[in-house]
1. Any chance the stretch A:155-167 includes a residue that's of a type outside the set (F, W, Y), within 14 Å of chain B (Cβ to nearest Cβ) and within 16 Å of ligand 3 (Cβ to nearest atom)?
2. Can you say whether A:A54 is crowded, with 21+ Cβ neighbours inside 10 Å, more than 11 Å from every other protein chain (Cβ to nearest Cβ) and within 27 Å of A:G20 (Cβ to Cβ), as far as the supplied structure shows?
3. Kindly establish whether B:L196 is touching a residue at least 60 places away in the same chain (Cβ under 8 Å) and either of a type in the set (S, T, Y) or closer than 14 Å to B:F252 by Cβ (or both).
4. For the stretch B:287-296, does any single residue satisfy the condition of being within 30 Å of A:A167 (Cα to Cα) and either surrounded by 22 or more Cβ atoms within 10 Å (Cβ to Cβ) or among the aliphatic types (A, V, I, L, M) (or both)?
5. Under 7 Å by Cβ, and 6 or more places apart or on different chains, what pairs join a residue from the stretch A:41-62 that is touching a residue at least 40 places away in the same chain (Cβ under 8 Å) and of a type outside the set (A, V, I, L, M, F, W, C) with one that is within 16 Å of ligand 2 (Cβ to nearest atom) and not in a loop (DSSP other than H, G, I, E, B)?
6. Any residue at all in the stretch A:89-102 that's free of Cβ contacts under 8 Å to residues at least 60 places away in the same chain and more than 14 Å from chain B (Cβ to nearest Cβ)?
7. Confirm whether A:K48 is at pLDDT 95 or above, at negative phi and within 16 Å of ligand 3 (Cβ to nearest atom).
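The values are calculated or read from the model by the stated rules, or taken from the named source; none is laboratory data. Keep in mind the model is a prediction, meaning the values are calculated, not measured. Neighbour counts are summed over all protein chains in view; Cβ atoms, including those assigned to glycine, are modelled from backbone coordinates with ideal geometry.
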Amino acid sequence: MSEPILKVRDLRLDIPVPAGTLHAVRGIDFDVAPGETLCIVGESGSGKSLTSLAVMGLLGSAIRRSAAELSFDGIDLQKASRRQMRALRGNRMAMIFQEPMTSLNPAYTIGDQLAEALRLHRPISKGDALKRAADLLRLVGITAAESRLRQFPHQLSGGLRQRVMIAMALICEPDLLIADEPTTALDVTIQAQILRLLVDLREKLGMALILITHDLGVVGRVADKVAVMYAGELVETGPAEQIFRNPAHPYTRGLLDCIPVPGRITRGQRLGTIPGIVPSLIGRQAGCIFRDRCPEAIPACTGDIPLRELARGHRLRCIHPQGRRIAEEISA
Amino acid sequence: MLGFILKRLGLALLVALTVSFISFSLLYLSGDPATAIAGESANAQDVQAIRELYGFDRPMLVQYFDWLWNALRFDFGQSYYFKLPVADLIADRLGVTMRLGLAAISFALIVAIPLGVVAAMRPNSLIDKLALFLSVAGQAMPSFWFALVLISVFSIKLGLVPASGSTSWRHFILPTVVLGYYAMPAIMRLTRAGMLEVLSSDYIRTARAKGASEGRVMFRHALRNAIIPVVSLAAVQMGFMLGGSIVVESIFALHGAGFLAWESISRNDLPTVQALILVFSMFYIVFTLLADIVNAWLDPRMRAA
Ligand SMILES: Nc1ncnc2c1ncn2[C@@H]1O[C@H](COP(=O)(O)OP(=O)(O)O)[C@@H](O)[C@H]1O
Ligand code: SF4
Ligand SMILES: [Mg+2]
């Protein structure tokens, strides 16, 4: 694998709230290399969107961001000026969102909005930009592209709008695309099409893709790497086949038990229905954040639990040295 | 778009017809017009003569259509008081009022919209609080009092601008400020509220994700959408300003249509009052129509409505 295009080390996001400080995201580490797909999974509220917005520099001024390292193609994003960030956004790193119905400006045509995305970063005439916009619409599988350019968002279905969003994100041929639950708001049949499209385009364009999703079935099919988040923390990360074959963290295993696997009798719960609730993230945290819900918690879980490397690229935040199997041996 | 305009135009005509009937009925709502014209000392015979002369003895509907037909040709009859054609009187005075109204609404928009935008960009900042204070003060302060304060400072103490008359553009400065200031709070707050709502919307995040500059995000993406309700409000206020400049016109001795309305009401000069109501209403209708058209241009979703 080539050098990572995006490196994130110990990312933290703190939000001042009336009751104190909300430590919404803590200790996030991951890399993505060109041509690679990283899937971030975790139940809703675990900080996946905040993390991706932090990479894009799109957090509001109310949220404090800090990291040991946050770099894109060698550029330190923490030191980058607003102008430098603007030059990167939409150009070398692009993002699509969960809400296709509301993510396009209702006042402008599809063509205007696509052309704008290109013209913000390339010295090109409006007419040429519109030609390229039509090419992009065809690339994302929209027929009658020229007439779509003249339409307004309210004239398009959700699936079409998400395709337009993808076209807009890709129009400058970014090195990194972040797709934050791009299919959650869509019909099931459309979901599969959009995912297929994203994966095809990643291959075709050779960019790095961060795909945030609820759907472990999707992760199994498309991910090169997986990062599992729980309550704002990275609990486990590693190569996809490693995570699926050898899930080490009790939370990851809880998630994987939720998907029906042929030949396995255990019918698990659905994602996000592991018993218990996520603790409040306001104020200082001590110990493992998952321990209230963890079936394997021991007294020592109230201490500091750092992220440890289990195998090459496979890292874990749990007190048990090798995850469950070792834990079972200990208790046996 | 054309269909939309035609639809709105039809609606506007319907409203105009209704308004014209109401302003016509005014003549009867305020008692027997012949008695009013004849004056208190007239005897029954004189009153009857006047009734026949003016055609008040005909059926009301006939009189209405007669009046409407004439009004369409800008013939509103004779003023009871001035003994002049009402149309000439109004034409003479309308220029001043229109100039004042346009200046005042422009002034209000030019000050209030940027203020609303800045307040929304930095909610709860000093500038936001200042804007809020201005709008509260604007609504609490009677306009005659504000006018007197301005006159005493800028005309009497500093001698910068004339206090009364309408002969030069400088005469319009203080009246514009007073009249425009009244419209500012609502425009400012609607702009601020609209911007706050739009700025938290997903498509603004998209614009930023594309790498648009803050100025571009604010004006091209946010204000364009936030301004839509402001256009309608401004049209309504422009309508109010034309009719409601009575106080301002009389303080600054601007002999405009507002002042004429005041004079005519106090003199029971019904044809003039009738015609003024009709003219003001027509302006109101035209402004609302214009606002609808501008909004349809701003908001593509409205064109289908
Ligand atoms: N601006 C904010 N102010 C306060 N809390 C926030 C803000 N944005 C997000 N949060 C909180 O941070 C947590 C993570 O949110 P998010 O990143 O949207 O989760 P996910 O995308 O994984 O569902 C949530 O609990 C959410 O309530
Ligand atoms: S550290 Fe303890 S509580 Fe946390 S996941 Fe591991 S076993 Fe469970
Ligand atoms: Mg999310």
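1. Within the stretch A:155-167, one or more residues are of a type outside the set (F, W, Y), within 14 Å of chain B (Cβ to nearest Cβ) and within 16 Å of ligand 3 (Cβ to nearest atom).
2. Yes: the conditions hold for A:A54.
3. When the stated conditions are applied, B:L196 does not pass them.
4. Checked against the condition, which is being within 30 Å of A:A167 (Cα to Cα) and either surrounded by 22 or more Cβ atoms within 10 Å (Cβ to Cβ) or among the aliphatic types (A, V, I, L, M) (or both), the stretch B:287-296 yields at least one hit.
5. What qualifies is A:G42/A:V228; A:G42/A:M229; A:G42/A:Y230; A:S46/A:M229; A:S46/A:Y230; A:G47/A:M229; A:K48/A:M229.
6. Scanning the stretch A:89-102 turns up no residue that is free of Cβ contacts under 8 Å to residues at least 60 places away in the same chain and more than 14 Å from chain B (Cβ to nearest Cβ).
7. Details: at pLDDT 95 or above: yes; at negative phi: yes; within 16 Å of ligand 3 (Cβ to nearest atom): yes.
Answer is yes for this residue.
Results for (1) crowded, with 18+ Cβ neighbours inside 10 Å; (2) farther than 16 Å from A:N246 by Cβ; (3) more than 16 Å from ligand 1 (Cβ to nearest atom); (4) at pLDDT below 90, shown as yes or no for each residue.
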position: A:P279; (1), (2), (3), (4): no, yes, no, yes
position: A:I282; (1), (2), (3), (4): no, yes, no, yes
position: A:I289; (1), (2), (3), (4): yes, yes, no, no
position: A:P295; (1), (2), (3), (4): no, yes, yes, yes
position: A:I305; (1), (2), (3), (4): yes, yes, yes, no
position: A:H320; (1), (2), (3), (4): yes, no, yes, yes
position: A:R325; (1), (2), (3), (4): no, no, yes, yes
position: A:E329; (1), (2), (3), (4): no, no, yes, yes
